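Report on the structure given below.
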Amino acid sequence: QVQLLESGGGLVHPGGSLRLSCAASGSIFSINAMGWYRQAPGKERELVAAITSAGNTNYADSVKGRFTISRDNAKNTVYLQMNSLKPEDTAVYYCNVEVQYGMRYWGKGTLVTVSS
């Protein structure tokens, strides 16, 4: 079993910044892709950003230029630096990790609220 521990959510004013972290632990032999998704009230869960084991990244168009995903392979941790936050970024953010044999795991989510 794999556990994901997310942290870093909270309340921030528009234009502010937050940094999310997600640490993976448990029965891990290798980690392939790591990513962040989000789900706003009344909307479907969507991909925000993802990073492969080789460091290749992709972003949702809505966050390009504002968010940066990175990973620390030694710590099995993925980060999401979020700058220039907007009210429409308000959502529950979920960490997703793909490990050996293509198994995927979700974190419990961390709430990000952007409001004045």
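Name the single residue that is nearest to Glu6 (Cα to Cα) among those in region 34-63 being in contact (Cβ under 8 Å) with a residue 12 or more places away in the chain and among the aromatic types (Phe, Trp, Tyr). Once the filter is applied, the top-ranked residue is Trp36.
Considering Arg104, Arg66, the condition of being in contact with an Asp or Glu (Cβ under 6 Å, 6 or more places away or on another chain) and free of Cβ contacts under 8 Å to residues at least 60 places away in the same chain is satisfied by Arg104 alone.
Readers should treat all values here as calculations from the given coordinates under stated rules, not as data from a laboratory. Bear in mind that the values here come from a model prediction, so they are computed numbers and not experimental data. Glycine also receives a Cβ, built like all others from the backbone with ideal geometry; neighbour counts cover every protein chain displayed.
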